[in-house]
1. Within the set of pairs 6 or more residues apart or between chains, which connect a residue that is surrounded by fewer than 22 Cβ atoms within 10 Å (Cβ to Cβ) inside the stretch 141-152 to a residue that is of a type outside the set (Asp, Glu) with Cβ atoms less than 6 Å apart?
2. Looking at the structure I just gave you, is Asp932 modelled with pLDDT under 95 and not in a loop (DSSP other than H, G, I, E, B)?
3. Considering only the stretch 935-977, state which residues are part of a strand (DSSP E or B) and touching a Pro at 6+ places or on another chain (Cβ under 7 Å).
4. All but one of (1) out of contact with any Lys or Arg (no Cβ under 6 Å at 6 or more places or on another chain); (2) among the small types (Gly, Ala, Ser); (3) touching a residue at least 12 places away in the same chain (Cβ under 8 Å) hold for Gly727, so report the exception by its number.
5. Among the residues of the stretch 860-910, count how many are assigned to a strand (DSSP E or B) and either without any contact (Cβ under 8 Å) to a residue 12 or more places away in the chain or over 21 Å from the mean Cα position of the chain (by Cα) (or both).
6. I'd like to check which strands (runs of 3 or more DSSP E) are fully inside the stretch 277-346 and have at least 1 residues that are surrounded by 17 or more Cβ atoms within 10 Å (Cβ to Cβ) and modelled with pLDDT under 95.
7. Give me the pairs: first residue in the stretch 195-208 and of a type in the set (Lys, Arg), second residue buried (at least 20 other Cβ atoms within 10 Å of the Cβ), beta-carbon distance under 6 Å, and six or more apart or on different chains, which are they?
8. Considering every residue within the stretch 888-903, establish whether at least one is in contact with a helix residue (DSSP H, G or I) (Cβ under 7 Å, 6 or more places away or on another chain) and modelled with pLDDT of 95 or more.
Amino acid sequence: MPGPTAGGAYAPDPLIALRPWEAPEVTSWGRLPMNAVDRRAGALSLDGDWRFQLLPAPDAPDGVWARAEVPGAWTLQDTDDLPQYTNFRMPWGDVPPASPAANPTGVYEREVDVPAEWAGRRIVLHVGAAESVLLVHVDGRPVGISKDSHLAAEFDLSEVVRPGRRATVRLTVVKWSDASHIEDQDQWWHGGITRSVLLYATDPLYLADVTARTRIDGELRVDCQVRHAAGTLPEGWSVSGELDGRPLTPDTAFDRANMEDGRVSGFLGEARLGTLVPGVRRWSAETPELYGLTVRLHRADGSVADSTHHRVGFREVEVRGRDLLVNGERVYFRGVNRHDFHPLTGRTVTYAEMHADLAVLKRFGFNAIRTAHYPNDPSLLDLADELGFYVVDEANIEAHDHAHELADDPRWTAAYVDRVTRMVLRDRNHPSVVVWSLGNESDYGANHDAAAGRLRRHDPTRPVQYEGAAKQGWADPTVVSDIACPMYAPVEECVAHALSGEQTKPLIQCEYSHAMGNSNGTLADHWAAIESTPGLQGGFIWEFWDHGILQRVNDGRPAGRGGAGQYADGVAAPGHRWAYGGDFGETIHDGAFIADGIVFPDRTPKPVMYEHREIAAPVRLERAGDGLRITNRRHFRGLDRLAAEWRLALADGGTLTAPAELPDVPPGGSATLPVPFDLPDDGGEAWLTLRVTTAVDEPWAPRGTEVCVPQVRLRPAAAAPDAAVDGPPVEVDDAGLLVHPLLAAAPVLSLWRAPTDNDELGGMAARWRAWGLDRLTREVVSVRRAGQGVTVLAEYGTPAGVVRHEQVFTRVPGGVRVEESAELPDGLEDVARVGSVFETVAGLDVLEWFGQGPWESYPDRSAGAPVGHHRARVDDLFTPYLRPQESGGRHGVRNFTLSGPDATGLAVALDAPRQVSVTRFAAGDLAAAHHDELVPRIGCVVHIDAAHRGLGTASCGPDTSAAYLVRTGTHRWSWTLRLL
């Protein structure tokens, strides 16, 4: 990019001539050191509308100016460079450090009126984030270079701008670079300036950094670094501070030791303050107690030259043997991996949006976040401090496509060390940060060791983790990671390791359950093993978001900021859809693998959130003889700030409620209570639920928000099947299919489900298709009539053998009993389901059922769905996963009705709790790529399953366990159909 000379002509730009986008040894030039000083107060915001042009390459001549919003990704602002998704493949095939010749480069430019009152002050430009290489010019003069797309870059402009004058700031962002090879992070590739741009001023004498360290006994130590713009510090400067109004005391012993050790120089100023807080309130994820810390820098005359404010928490973290301790307690990490994401603005997120993210997580029982795979927006840590989360802060390093080559490549050593160091310097004052991570999926080599050494030098108070070091073995005490943090290790392997006698470190999986589509099976089993096995402390689900970008269907382009309001409840509005890999015309992509979150792109919770909420419930409920046992599963606080209500669900008698008084139970303690209801003598099934809510307004939820619904069964079912009665014969047609006035399609055998993402990527769906289960042909063998009953035997041929299916139709009071059996040959091991499927006539729009609900549940994901009486519109039962697939199922259904506006319809009673689904779609309808392509049926498609395969997480991680597979042999089930 050309720059002006003194005579007005243009000369080659030295920053462009350097070609820093292909020089991994260059991490920055002219960039100021990272620090933890808060400069937001009093800063001049440069956010908003900038002149913008998108060049085809960094060394291309200037083009036509347009406009762009800062912060924001240009890939979402109606340019020709559209988003692209790859999991680990680089979007081009060159070997590092090469970048492609076609290298989109955004040029941002605007004028800035530098305040006249800043005369004599130090003036700094702050660019919150730019991906992937930032070049800074002011009035045509080169100022600096920065790499690292997820940390801020600051540049001293004191010599290039004049207070009271207007300056032209030009920010050039090169999309592809050597840095891209270590930012290969399973997310959309964007380009742009994605966090805020600020201009601020300080006194020439300024606080260069502040480090606060706390202990749980109330000790606070604050280390300050002081600098002067001229280089040499003036005589007589000093620092002071206060903590919630309590003055801090200068550490004279520290000053004396510095003098004696010769550490004092003309330009390096160091000072230490401290205090001891009696009766200190400790910080934890359950008790996020914060204190306000103010540090002031004084000139020799006592006037204040600079100041900064922080919120600090008193807490300690340590690894002791096989346990990671917070404040001396072994805590469970109920975590999730989180990207900065928004469906309209990409990686640009506001404070309010991040608060909403964390509020949702808090309401569903999460207490930990891994910032995957880079330091998140700095405001996220402010919120984690305030709301209470344990954070694994992860450096912006992932070299997935070239992991092995780069881990030991000395050309990248500076980049690895720089990214880890700058993260620590920015975030070390946050109590929420309890573990540092060296990055993700980048193999393991000398560059990681170098980065870890620098990290521990800057912060010896927190443990360090790195999953890539697991190649040395989880128990190896020599590797860089203080924590065994494997990825998707089967729970059986984790338990075996913990019981082997060889475990030397806490085992906390950095990723353990993959939330792609209809997924997260066996989550409750996993946590049952964690809570019963010393040495296991939890893990982090992959991940928080479905990264669907809102896309206009008519032109296939991102909706951008103009798409606000075009989605609700997980569903894009007509004319829009959630886009995933390949939807923007890119040829290199990884499809819907980007849609793997526990919430939809609009933050609507997926059903797995309710599963997690019950697994993480702070209150557990069990039978204890004739009474009940309530257990407090918290680590640090009692059951204060919670309220409760009893609910008794009777199979034949509706639901009763009664107030509940939670006992005063300490963390980890239990109390015994009597059953609050006398059961009626009807002998029906009875379930008791304790509905726990917030008792007061919380920062993350208003009063009355449901926290958990633990449940126990007080009495099992004791129903007998209806006896046959005289009446007109059960009607079947010539093919032996049941004829019924409310059935548009008679019940037939179903062994197929619309494949989930796990089914497809785990290979099961391909096997089922090879067996022909998606296109079974029914052949009637015999139809036998006896009195009012009919027995129909049919066969379904498959390459793996013949399936024999028998249906016995019997007249019972008010309806028909259907008794079924299906014999699966040995070759059909592990099918999707065995059951009946039928379709109703139009007009039946409301489902009411007694069983688990109200949200979707499956055999291996049902712990969060309490048994009770539930009601929903049929159109609301289907879960809109971004790629259509099996969904909408309800586990453990005992009976259900389908009715229309006039309350007429059909009722179905089941012989045992069964998996049932009622939607507007047959399995074959769900082969569409997106929900906007689906055409709902006018009737209801009903599945009643004798057996239904678990979901597992096989798209990336373990499949479901053996207990949830559908086995060969004979399956039997029965159900009764009546008119309402």
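The values are calculated or read from the model by the stated rules, or taken from the named source; none is laboratory data. All values derive from a computational prediction rather than experimental measurement. Virtual Cβ from ideal backbone geometry, glycine too; neighbours counted across all protein chains shown.
1. From residues that are surrounded by fewer than 22 Cβ atoms within 10 Å (Cβ to Cβ), the pairs are Arg141/Val160; Pro142/Pro14; Pro142/Leu15.
2. Judged against the criteria, Asp932 is a match.
3. Of everything in the stretch 935-977, just one residue is part of a strand (DSSP E or B) and touching a Pro at 6+ places or on another chain (Cβ under 7 Å), namely His948.
4. Only one criterion in (1) out of contact with any Lys or Arg (no Cβ under 6 Å at 6 or more places or on another chain); (2) among the small types (Gly, Ala, Ser); (3) touching a residue at least 12 places away in the same chain (Cβ under 8 Å) is unmet by Gly727, namely (1).
5. The total comes to 24.
6. none
7. Correct list of pairs: Arg195/Pro71; Arg195/Gly128; Arg195/Ala129.
8. The answer is no, given that none of the residues of the stretch 888-903 is in contact with a helix residue (DSSP H, G or I) (Cβ under 7 Å, 6 or more places away or on another chain) and modelled with pLDDT of 95 or more.
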